[in-house]
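Inspection log for the structure reproduced underneath, given as structure tokens.
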Protein chains: 2
Amino acid sequence: MSGRVTSRAVAERAGVSQSAVSRVFSGASASARTVEKVRKAAEELGYRPNVLARSLITGRSRIIGVVVAYLDNPFYPDALERLSRALQEEGYHSLVFIAPEGHNDTDRVIQQMLDHQVDGIIAASVGLGDELAARCKSAGIPVVLFNRGQPEANLPQVTSANHAGGRRVAEHLVAIGRQRIGHVAGWQGSSTGRDRTEGFLTGLSEAGIAPTGVVPGDYRRDKAAEVAEELVTQGADALFVGNDHMAFAVMDHLRFIMGWRVPEDVAIVGYDDVPMAAWAGYDLTTIRQPVGQMVEATVTALLAALDGATPGAQEINGPLIIRGSTGGAAHARI
Amino acid sequence: MSGRVTSRAVAERAGVSQSAVSRVFSGASASARTVEKVRKAAEELGYRPNVLARSLITGRSRIIGVVVAYLDNPFYPDALERLSRALQEEGYHSLVFIAPEGHNDTDRVIQQMLDHQVDGIIAASVGLGDELAARCKSAGIPVVLFNRGQPEANLPQVTSANHAGGRRVAEHLVAIGRQRIGHVAGWQGSSTGRDRTEGFLTGLSEAGIAPTGVVPGDYRRDKAAEVAEELVTQGADALFVGNDHMAFAVMDHLRFIMGWRVPEDVAIVGYDDVPMAAWAGYDLTTIRQPVGQMVEATVTALLAALDGATPGAQEINGPLIIRGSTGGAAHARI
DNA sequence: TCCGGTTTTGAATACGTGTGCAAACGCTAC
DNA sequence: GTAGCGTTTGCACACGTATTCAAAACCGGA
């Protein structure tokens, strides 16, 4: 009604001082009598502490900035939701920014977060300019990278074991008897993309097999489908696709546009194990990225950093989930 | 380095008063000379205004709270992303909260937003307790509902024309010659779910057809699949599913688990036209919810409300997109 | 009753910025 | 040179809260 209701108003009504009110709501010690009086007055007036003013004086906003890039890959909504929940459980809120296309813009977004006095930042699958990283550091704002490495930046980061995963895929495809194996790679500008590709090539070469072709799909559906067509035309009988999001596009294109059968004509493996991979329509063999564990590790690292620690890089292992797109459980015994 | 760098520090270095610095950064008038001096000093010190302090004194945070519920329905990540971008273009930031399961929790989430002094709230597909709505109103914080109506609350709201859409679906299914038509309804606790169902039933009755069955699927994949099996077992040769998210589950279940053919044995229609509906693997006939327009209308309404206006309810019309799951373009001429 | 020690309380100050007000300034026209 | 007017500037205060410090209240024991 009459403007904002402040702690002073509550104090006046309760017949105590403003500091008493503050103490009651910030959990400091106060006698049972005043607590009671203050609570009652606050209730009657509908008082709620102004978080801004509190943050201004304490220097802590209890807000974590979360930058995220592509929400069309279902891996990220899932991760975002879990991150948000996990942070809420720790008493933090999340200021979410969807990073625009260009990379400079990512930096601008993070700068805006700093302006908002966030206590920390989680960058999901986006890089961080060196200058800005330095800026965060000098401002004492910890940054944790989620699902992307940035070796030169020396930041705490949580990824899955992408190299090992890529290698595991190669082993699996070889084990089920495929000989002409192609790779629709992820964006090679990202550590995840590079690592998966490297691991995969390592695995192939260990088996003495040369890849039929390795072409980046850049995490884009249209490009992935195009690349896949190219590879199967060159005779590939198996494809490792850099993430599930692209793998779905590849399967759609091969099966419904080109008329190929999966896995009979061509086996497909993805990466992430997003929920959709388990749907009957795709039944996609893939490497699971354990989102829950990754989120947990990320939040733990961030909290540690907020406590002054300096967590390092962390890799979470994920299993190969064998499904129909490579022949299913029948082949799993290999 | 040495703690925060404040406007006073900049003032000192530039040889002007703190107010001068404030004026330069808040766009007020200042002489070219001082602007130059202040800019230079700020640059050297790496100064950035503290948004919290600014908000505290101006009473405006330029932050919009966005509550969203289910991120696993791909409609919402998409909407969230667009909302976020649209708000950023207007100079606002979005404080995103993922609403937990229970309804009481939604209220708690909104309360927390109020604590953070958001300038406005967008509630995407979540209801709003009466008491809390009143609270927002008395606090002067405008609330706009996105993709959910709440007639009794008298709040500005943006939905698609769900009743008309449901009716259009009935017309289409009748037009392609289906006689035994079932409905896997959305959650009847939501206005969207109810309206679509009502419109659909209206359309059927206008055609003189009684539905083969109407069972709520509650926007959940597992339940939708279960319900769909039940309906086709009762002889349905067409199903209207309350949203695309459930429709995919229904198609997967019918085709890959039960071995039915779509659309030969059973025609399927969804609602939303999420990107996935156009994928070759589903090729789903559906009513398009024009997310772009809905987002635009929502932001416009919110801005208007921030300016003191009181926008009303708004319905955005969306076309029926005919695809393979009801026989495709061949039937579109009807 | 009085005293030492512990807890509670209120006054005052700080956080970093925007803004009203009056003084200082710059410029033009006489 | 000076009166006059519009613009710029600095001072002081405000926003709503947390927190320091000293004073006050309390409590149990002698």
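The values are calculated or read from the model by the stated rules, or taken from the named source; none is laboratory data. What you see is a predicted model; the values in this text were computed from it and never measured. Every residue, glycine among them, receives a Cβ derived from its backbone with ideal geometry; neighbour counts consider all protein chains shown. Accessible surface areas use protein heavy atoms only, side chains included; no ligands, DNA or RNA. Shrake-Rupley method; radii C 1.70, N 1.55, O 1.52, S 1.80 Å.
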Residues of region A:286-315 being in contact with a Gly (Cβ under 7 Å, 6 or more places away or on another chain), farther than 22 Å from A:ARG194 by Cβ and open to solvent by less than 10 Å² (accessible area, probe 1.4 Å), in sequence order, are A:LEU302
Within region B:238-264, can you find the residues that are within 30 Å of B:ALA161 (Cα to Cα), of a type outside the set (A, V, I, L, M, F, W, C) and touching a helix residue (DSSP H, G or I) at 6+ places or on another chain (Cβ under 9 Å)? B:GLY242, B:ASN243, B:ASP244, B:HIS245, B:ASP252, B:HIS253, B:PRO263
Meets criteria (at negative phi, within 13 Å of DNA strand C (Cβ to nearest atom) and open to solvent by 30 Å² or more (accessible area, probe 1.4 Å)) for A:SER61: no
Could you list all residues from region A:263-282 that are within 15 Å of A:LEU231 (Cα to Cα) and of a type outside the set (Asp, Glu)? A:VAL266, A:ALA267, A:ILE268, A:VAL269
Which one of these is within 14 Å of chain B (Cβ to nearest Cβ), open to solvent by 10 Å² or more (accessible area, probe 1.4 Å) and in contact (Cβ under 8 Å) with a residue 40 or more places away in the chain: A:HIS245, A:HIS253? A:HIS245
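A quick yes/no check of all residues on (1) of a type in the set (A, V, I, L, M, F, W, C); (2) closer than 22 Å to A:GLY327 by Cα:
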{"residue": "A:SER191", "(1), (2)": "no, no"}
{"residue": "A:ARG194", "(1), (2)": "no, no"}
{"residue": "A:THR197", "(1), (2)": "no, no"}
{"residue": "A:THR202", "(1), (2)": "no, no"}
{"residue": "A:ARG220", "(1), (2)": "no, no"}
{"residue": "A:ALA238", "(1), (2)": "yes, yes"}
{"residue": "A:GLY242", "(1), (2)": "no, yes"}
{"residue": "A:MET246", "(1), (2)": "yes, yes"}
{"residue": "A:HIS253", "(1), (2)": "no, yes"}
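A quick yes/no check of all residues on (1) more than 19 Å from B:ASP78 (Cα to Cα); (2) at pLDDT below 95:
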position	(1), (2)
B:VAL241	yes, no
B:HIS245	no, no
B:ASP252	yes, no
B:ILE257	yes, yes
B:VAL266	yes, no
B:GLY270	no, no
B:THR286	no, no
B:VAL295	no, no
Is it true that some residue in region A:142-150 is of a type outside the set (Gly, Ala, Ser), surrounded by fewer than 20 Cβ atoms within 10 Å (Cβ to Cβ) and either within 27 Å of B:VAL67 (Cα to Cα) or within 9 Å of chain B (Cβ to nearest Cβ) (or both)? no
Can you name every residue in region A:190-207 that is outside any helix (DSSP H, G or I) and within 14 Å of A:LEU173 (Cα to Cα)? A:ALA207
Enumeration of residues in region B:60-90 that are more than 8 Å from every other protein chain (Cβ to nearest Cβ) and assigned to a loop (DSSP other than H, G, I, E, B): B:ARG60, B:ARG62, B:ALA69, B:TYR70, B:ASN73, B:GLU90
May I ask you to list the residues in region A:40-70 that are within 14 Å of DNA strand D (Cβ to nearest atom) and more than 41 Å from the chain's Cα centre (by Cα)? A:ALA41, A:LEU45
For region B:198-210, state whether one or more residues are of a type in the set (Asp, Glu) and in contact with a strand residue (DSSP E or B) (Cβ under 9 Å, 6 or more places away or on another chain). no
Those residues of region A:1-50 that are within 14 Å of chain B (Cβ to nearest Cβ), open to solvent by less than 70 Å² (accessible area, probe 1.4 Å) and without any contact (Cβ under 8 Å) to a residue 40 or more places away in the chain come to a total of 3
Tell me, please, whether a residue that is open to solvent by less than 20 Å² (accessible area, probe 1.4 Å), β-branched (Val, Ile, Thr) and over 26 Å from A:PHE75 (Cα atoms) can be found in region B:93-109. no
